[in-house]
Amino acid sequence: MEAAIAQASNPTKKRQGMMSQVNARIETETKREADAAFAGAGIAPSEAIRALYARAAALGSSLRSVGDLVVDGDNDAATQSSREATFERATHAFEDVLASYGFTVDVGSFAPMTEQEIEEATYQDFLAGGAR
């Protein structure tokens, strides 16, 4: 996987096979800031996109969320464990607040959202609020 990312981010390495073009819409301010960051690191935007695609290709069917693309491979298990623990605490936080006011909650009547559903809902809320 790291070899694929390194190859994708190495402009001097001769690539075999055909190249494809990717078109994407990105908020102007985000693009400006990312371009500045890439320039500061000496990375061409095309190199960054190739690295992103190489990471997705390396993950293959194990790719589950955008977080999988940006989390360091060495920390994936620790990060996932931390996310799960946070998610578990969060699922009981509302219940705990209600209990502190004397309300009882039938937890069986609620269907908790998966982390992926929460990420999607957050993204949809962001889109509904308009791009900045």
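The values are calculated or read from the model by the stated rules, or taken from the named source; none is laboratory data. Quantities reported herein were computed from a predicted structural model and do not represent experimental measurements. Positions of Cβ are backbone-derived with ideal geometry, glycine not excepted, and every protein chain shown enters the neighbour counts.
Some observations on this one:
- Only a single criterion out of (1) assigned to a loop (DSSP other than H, G, I, E, B); (2) at pLDDT below 85 is not satisfied by G102, namely (2).
- Taken over the range 24-57, the criterion of being closer than 25 Å to G129 by Cβ and not in a helix (DSSP H, G or I) is satisfied by A24, R25, I26, E27.
- Whichever residue in the range 105-132 is in contact with a helix residue (DSSP H, G or I) (Cβ under 8 Å, 6 or more places away or on another chain) and surrounded by fewer than 11 Cβ atoms within 10 Å (Cβ to Cβ) and, among such residues, is modelled with the lowest pLDDT: R132
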